[in-house]
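Working notes, beginning with the structure itself.
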Amino acid sequence: MAVQTELHRHLDVSIRPSTLLELAQERGLQPQSTSIESFREKLILTEPLSDLASVLSTFTICQQVLDRPDVLARVAEEAIEDIYSEGTRKVELRFSPSFVCEFSKLAWEDCLLGIEEGIARAKAKLPEIQTGLLCIASRDYGSQSVDQTIEFYLKNQDRMVGLDLAGNEVDFPQSLFRKSFMRAADRGARITIHAGEATGPETIWEAIEDLGAQRIGHGIACIQDPKLMEYLAKKQICLEMCPTSNWLTGVVPSLREHPLPQVLRAGVPVCINTDDPTLFGNTLPIESKICIEQMGMTPAEVQACHSHADRASFIPSKDLPGAN
Ligand SMILES: [Zn+2]
């Protein structure tokens, strides 16, 4: 198995289905009679989104079970074990404190402590894996919540490797968040932004120029703008692409038509990622296989993507104390 780096994986949607079922049953959110097979069948998307409600219910169940620091520790520990068994030796895991703590009303600090505890436990067993946490500000919770998240990140900058902005790109324009992101950039924050997934290339330009993005989550809309492609290649701004996610959420019509190979061949650094494994039932080796078998890439091109991920990682070459 080739050594891999993964930059775009949401911790709060990387819960093992068996753990999710156990936690949901403990909380009375699933009947005791639900089998793991039927739960997996309900949970994991295998066809492009036909109804948004089923996806939202998966997100809600993840939110509802992540209600105590010890649960977050278990989920983080298992996620690192799973990532390691996929052959990955460097991973950035991201989480949104406002999303994770929305139902439980858990203090954000306790949430972070729980995650750190789990990562530390996993790394005691698997010392060769390098890890870093990204703090997500969620567009959907509005600019006040984004400000709070950025404050939380800045207060704990030595425990997390960077900042992300995620969520609904269409209804929450980036201009709402410009001031707070610029403040974070001025304080030396490493920034990646979910952009150009459900919107056009202009969102990618704004993420770079107005929000200080050094990497872009998804960014598939760049293919519509040759000037942007040229810029991304020249500045070596890495795009964290997620093929299965993009297909299942309907932002590309088929895996065959995913722009990743074309963008890579134009000299833009691109990497391959799972995004939300609980929801998509995927792993990084599965994504790499899809790139070769369905998207026509060579094994060397897939390896080039992993090298791009390695170079673009916000994890310092020497592990940070605390978070790592
Ligand atoms: Zn994402």
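Do we find that Val270 is within 16 Å of the ligand (Cβ to nearest atom), closer than 14 Å to Gly219 by Cβ and at pLDDT below 95 in this structure?
Against the criterion (within 16 Å of the ligand (Cβ to nearest atom), closer than 14 Å to Gly219 by Cβ and at pLDDT below 95), Val270 does not qualify.
Looking at the range 17-70, what helices (runs of 4 or more DSSP H) fall wholly within it and have at least 1 residues that are more than 22 Å from the chain's Cα centre (by Cα)?
Counting at least 1 such residues, we get 17-26, 36-43.
Can you find, within the range 226-240, the residue that is nearest to the ligand (Cβ to nearest atom) among those that are in contact with a Cys (Cβ under 8 Å, 6 or more places away or on another chain) and part of a helix (DSSP H, G or I)?
Taking the candidates together, the pick is Leu232.
Just name the residue that is modelled with the lowest pLDDT out of those in the range 241-261 that are more than 16 Å from the ligand (Cβ to nearest atom), not in a helix (DSSP H, G or I) and not hydrophobic (A, V, I, L, M, F, W, C).
Restricting to residues being more than 16 Å from the ligand (Cβ to nearest atom), not in a helix (DSSP H, G or I) and not hydrophobic (A, V, I, L, M, F, W, C), the top hit is Pro253.
Within the bounds of the range 201-213, is there any residue that is in contact (Cβ under 8 Å) with a residue 60 or more places away in the chain, assigned to a helix (DSSP H, G or I) and surrounded by 18 or more Cβ atoms within 10 Å (Cβ to Cβ)?
Among the residues of the range 201-213, not one is in contact (Cβ under 8 Å) with a residue 60 or more places away in the chain, assigned to a helix (DSSP H, G or I) and surrounded by 18 or more Cβ atoms within 10 Å (Cβ to Cβ), which makes the answer no.
Touching a Gly at 6+ places or on another chain (Cβ under 9 Å) and assigned to a helix (DSSP H, G or I): does that describe Glu109?
Criteria not met by Glu109.
Looking at Ile61, Ile83 in this structure, which one is within 16 Å of the ligand (Cβ to nearest atom) and either modelled with pLDDT under 95 or in contact with a helix residue (DSSP H, G or I) (Cβ under 9 Å, 6 or more places away or on another chain) (or both)?
None of the others qualify; the one that does is Ile83.
Specify the residue that is surrounded by the most Cβ atoms within 10 Å (Cβ to Cβ); the eligible residues are those in the range 155-169 that are within 13 Å of Pro97 (Cβ to Cβ) and without any contact (Cβ under 8 Å) to a residue 40 or more places away in the chain.
Leu163
In the range 179-220, which residues are of a type in the set (Asp, Glu) and more than 16 Å from the ligand (Cβ to nearest atom)?
Across the range 179-220, the qualifying residues are Asp186, Glu202, Glu206, Glu209, Asp210.
The values are calculated or read from the model by the stated rules, or taken from the named source; none is laboratory data. Everything quoted here is computed from the prediction, not taken from an experiment. A quick note on method: Cβ atoms are made from the backbone with ideal geometry, for glycine too, and the neighbour counts reach across all protein chains shown.
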